[in-house]
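Here's the structure we're looking at; comments come further down.
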Amino acid sequence: MAVPTYASPLERAWHYAYLVICGLIFFFLIAPIVVIIPLSFNTEPYFTFTDKMLSFDPDGYSMRWYDSLLTFGMQRPDAPRDLNWWADAWANAKWVNAAKNSIIIGFFSTLLATALGTLAALGLSRPEMPFRRAIMAILISPMIVPLIITATGMFFFYSNPCTLLGWFGLPTECGRLAGTYLGVILAHATLGIPFVIITVTATLVGFDQSLNRAAASLGANPRTTFFRITMPLILPGVISGALFAFVTSFDEVVAVLFIAGPDQQTIPRQMWNGIREQISPAILAVATLLVGFSIALLATVELLRRRSERIRGITPH
């Protein structure tokens, strides 16, 4: 943005100082993320730039650590890379299994969080809803309360979900949720619901309720009105909330440390294990892939936001 010709010298100085401050803040935020990308191509098992890397020697760069994501944990990593090799990688490679768990848990927790969060947002958007502020505060509390406290509470509750039945004189022994896929999915859905509620509620702020009344006056029942009128208009917000819920699940490690068992190792949990047990630049390779994945999701959210603004007649600046 150019400085107006009528700006005073002090205003010009502040303009350029403002640009420098913004640049420094941007560098402070992005530098720790960008620096891991070239380090993930390091030939040596170090977390520092080698002389060959600094001199841009091709021998200093390799895909070694990306390849180790497929071979670590395999029974026969040095075998010819035929169908049997890929079957071994799919079944036994630790990073591959962690990726499968993250996708499975993230997918189902996102479905659950999106459904419940959208229903809650629709209810909270109605003016006749009593105690809206109190209910909203309770529903978004998992996003506000320190995660270690939430995870601890989930661990004790999921260890014996029927504990609360003892208050009513009922049996308190039932199956454990801790150490199961269902327990991890429920925990991640709990953490993702607040993001869905916030994004869908923000979308409903500009929603014209007269459209629902017009549909009802023409004979449409509530289900038809929702799927034909409401849902198409709030769909960008719903998808944005679902993406945030999926990222929350994909990136979550604290609840997994408390609730997940040996069979529910996700990518963040595997990275945690790698830092504790065997420090390897393979972690940087995973981090680089996750950075690219996050950028793609953020770009999708931005496109959905602009589409939502166009649907509601808001001109983006």
Can you compute log10 of I(q)/I(0) for the chain with the Debye formula, treating each Cα as one identical point scatterer, at q = 0.15 Å⁻¹? -1.26
Accessible carbon and sulfur surface of the chain relative to its total accessible area, %, 1.4 Å: 70 percent
Rounded to whole Hz, the Karplus (6.51, -1.76, 1.60) HN-Hα couplings of the range 178-188, x for glycine and proline: 5, x, 10, 4, 4, x, 5, 4, 5, 5, 5
Can you work out the Karplus-derived ³J(HN,Hα) for every residue in the range 83-100? Use 6.51 cos²θ - 1.76 cosθ + 1.60 with θ = phi - 60°, whole Hz, and x for glycine or proline. 5, 5, 5, 5, 5, 5, 5, 5, 8, 10, 4, 5, 5, 5, 4, 5, 5, 4
On average over all directions, what projected area in square nanometres does the range 132-287 have, based on the convex hull of its Cα atoms? 13.4 nm²
For the range 1-93, what D do you get in µm² per second when you plug the Kirkwood radius from alpha-carbon pairs into Stokes-Einstein at 4 °C and 1.567 mPa s? 73 µm²/s
The farthest towards the positive end of the charge dipole of the chain, of the residues LEU39, TYR158, ILE267, given +1 on Cβ of Lys and Arg and -1 on Cβ of Asp and Glu, is TYR158
Can you tell me the dipole magnitude for the chain around its Cα centre, using point charges on the Cβ only (Lys, Arg +1; Asp, Glu -1), in Debye to the nearest 20? 1180 debye
Which of the listed residues, ALA216, GLN75, ALA93, is farthest toward the dipole's positive end in the chain, when Lys, Arg count +1 and Asp, Glu count -1 at the beta-carbon? ALA216
So what's the Cα pair-distance distribution over the range 56-128, bin width 10 Å, in %? 17, 26, 20, 16, 12, 7, 2
The Cα radius of gyration of the range 107-162, divided by 2.2 N^0.38 Å with N its residue count, comes to 1.36
Under Karplus coefficients 6.51, -1.76 and 1.60, residue-wise ³J(HN,Hα) of the range 62-70 in Hz, glycine/proline x: 7, 9, 4, 7, 5, 5, 5, 5, 8
Counting Lys and Arg as +1 and Asp and Glu as -1 over every other residue whose Cβ sits under 14 Å from the Cβ of THR71, the net charge comes to +1
Rank by packing, highest mean first: peptides 257-266, 97-106, with packing defined as the count of other Cβ atoms within 10 Å averaged across residues. 97-106, 257-266
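The values are calculated or read from the model by the stated rules, or taken from the named source; none is laboratory data. Since the model is a prediction, treat every value here as computed from it, not as a measurement. Cβ sites come from the backbone with ideal geometry, for glycine too, and all protein chains shown count toward neighbours. All accessible areas refer to the heavy atoms of the entire protein, side chains included, with ligands and DNA or RNA removed. Shrake-Rupley method; radii C 1.70, N 1.55, O 1.52, S 1.80 Å.
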